[in-house]
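So the structure is just underneath, and the comments pick up after that.
Every number here is computed from the coordinates shown, using simple stated rules; none is lab data. All values reported here derive from a predicted model rather than from experimental measurement. With ideal geometry, Cβ positions are generated from the backbone for all residues, glycine too; neighbour counts draw on all protein chains shown.
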Amino acid sequence: MPEILVRQATLADTYAITDIHCANVSGGVFTRRNSDGTRTPTPYESLTLFERYLNGGPWMSVETCAVWLAYLLRYGDEIPLVAELDGHVMGEAEVSIGYEPAPYGQHLHITTLQVHPDAPDPQAIANALIDYIKQMASVMRFQQVTTVNPSHWFEPHNFRPLISRREVVLNAKEGRIVYKATQLNSYLPEQIKGWYMPFGREHNARHEWAHIWPGFWNAVPELVEPEVSRFRFELSGQVGICLFRQNRYTPTQAHVYLWTQRALSPHMLSAVRDRAARQGYQTLALLVDDQTRAILENEVLESGAPSIIVSIRV
């Protein structure tokens, strides 16, 4: 087989990347979400940009994929990569550079990895991308490469479980706590370098910062969240940045993303719940690791299935 070339993606790769991700839609069937939550098979051409997005994210349309790639390329700490074979892009991966406290440390996190099913040797394409990312981490003197819920492409690479997380639901609740909450007015990701992310860390703290950006999907109005609030919290020498994102299908619930300068404290948790209640929310959906979940244990109303972050040391 000819040599596989791995390189940074550019906007010129948008069509090829969209093709790769669309070719990997489950069962090869696109669907439309109905009002009752069921889904109906629907031709791709009949779906709106928003409906395509719901089938697998921004890569499902050239238009939204271009917006996403432009964002990734803007700051240099979110890196899209492609794997070429004979001049044709056959695989794509995206990497987020992370600087966080233990157990993550300085790391590269693979947020997505897809290979075109028509590639002559799909595993070889995946191996080339993963090996390139491991080499990146080694050159940067980072401690590890991580990913979440790894696909079969990762099986030959000896990734090991690092930590598990699950989504929990708890009540918003006003409390007697002194804190200062101000509207966030700076959206630069550098301000969270080295911070914890106790709530909402699906991939890594830097990658989830994309939720903070106002107007990210304004070009696709259906993708704009119904309600988003961004706050900077200050209390008892602690600093945090919190995003409340209204659940599109349960308006009284907020998805919460929280970055903190120090490890989560009961006071910070109380401040988040108090602010959410004052925003009019009744419940909060939080993605938390096992350590954070222990702090919330007596307050949890619902708990979802665990997801696993795996890692390989470099």
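Counting alpha carbon pairs within less than 8 Å and at least 6 residues apart, what relative contact order, in whole percent, applies to the chain? Working shown, then result.
Working: 609 pairs, mean separation 60.7, N = 314.
Here the relative contact order equals 19 percent.
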With Cα atoms, 0 to 90° folded angle of helix 266-278 axis to the chain main axis | 90
Dipole of the chain, positive direction: furthest Cα of Cys65, Gly27, Leu184, with charges on the beta-carbon | Leu184
Give, as ranges by residue number, the residues of region 190-232 whose backbone N falls under 11 Å from the point 7 Å along Cα→Cβ of Thr182.
-> 232
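Hey, got a sec? Which trypsin sites (Lys or Arg not before Pro) in region 255-314 land in a DSSP loop and have at most 15 other Cβ atoms within 10 Å?
Numbers: sites: Arg262, Arg273, Arg275, Arg278, Arg293, Arg313; in loops: Arg262.
Taking region 255-314 and a limit of 15 other Cβ atoms within 10 Å, the loop trypsin sites (Lys or Arg not before Pro) found are Arg262.
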For the chain, the dipole about the Cα centre with charges only on Cβ (Lys and Arg +1, Asp and Glu -1), to the nearest 20 debye, works out at 1300
Net charge near Asn55 (other residues with Cβ under 12 Å of its Cβ; Lys, Arg +1; Asp, Glu -1) is +3
Cβ-based net charge around Asp118, under 13 Å, with every Lys or Arg adding one and every Asp or Glu removing one = -3
In debye to the nearest 20, how big a dipole does region 209-269 give about its Cα centre with +1 on each Lys and Arg Cβ and -1 on each Asp and Glu Cβ?
-> 160
Please name whichever of Asn55, Pro43, Val115 sits farthest to the positive end of the charge dipole of region 4-157, dipole taken about the Cα centre and charges placed at Cβ: Lys and Arg +1, Asp and Glu -1.
-> Asn55
Among 43-53, 203-213, the order from most to least packed when residues are scored by Cβ within 10 Å on average | 203-213, 43-53
Selected from Val256, Gly240, Pro198, residue furthest toward positive end of dipole (region 164-302; charges at beta carbon) = Gly240
Does region 165-307 classify as rounded, prolate or oblate by the C-alpha gyration tensor (a ≥ b ≥ c root eigenvalues; a/c under 1.5 gives rounded; else a/b over b/c gives prolate, otherwise oblate)?
-> rounded
Rounded to one decimal in nm, the spacing of the 7 Å Cα→Cβ label points at His211 and Asp290 is 2.3
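Once fully extended, how much extra length lies between Val228 and Asp131, figured as 0.36 nm per residue of separation less the alpha-carbon to alpha-carbon distance? Please list the in-between numbers first.
Working: separation 97, 0.36 × 97 = 34.92 nm, distance 3.83 nm.
Full extension of this stretch gives 31.1 nm more.
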Among (i) 69, 60, 36; (ii) 99, 43, 33; (iii) 66, 47, 34, the value of Cα extents along the principal axes in Å computed for this structure carries the label (iii)
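Can you tell me which of 2-13, 118-129 comes out highest on packing, and rank the rest after it, using the mean Cβ neighbours within 10 Å? Show your work: numbers first, answer last.
Numbers: 2-13: 14.0, 118-129: 18.5.
Packing order, densest peptide first, comes out as 118-129, 2-13.
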For region 120-185, give the magnitude of the charge dipole about the Cα centre (Cβ charges: +1 Lys/Arg, -1 Asp/Glu; no others), in debye to the nearest 20.
-> 520
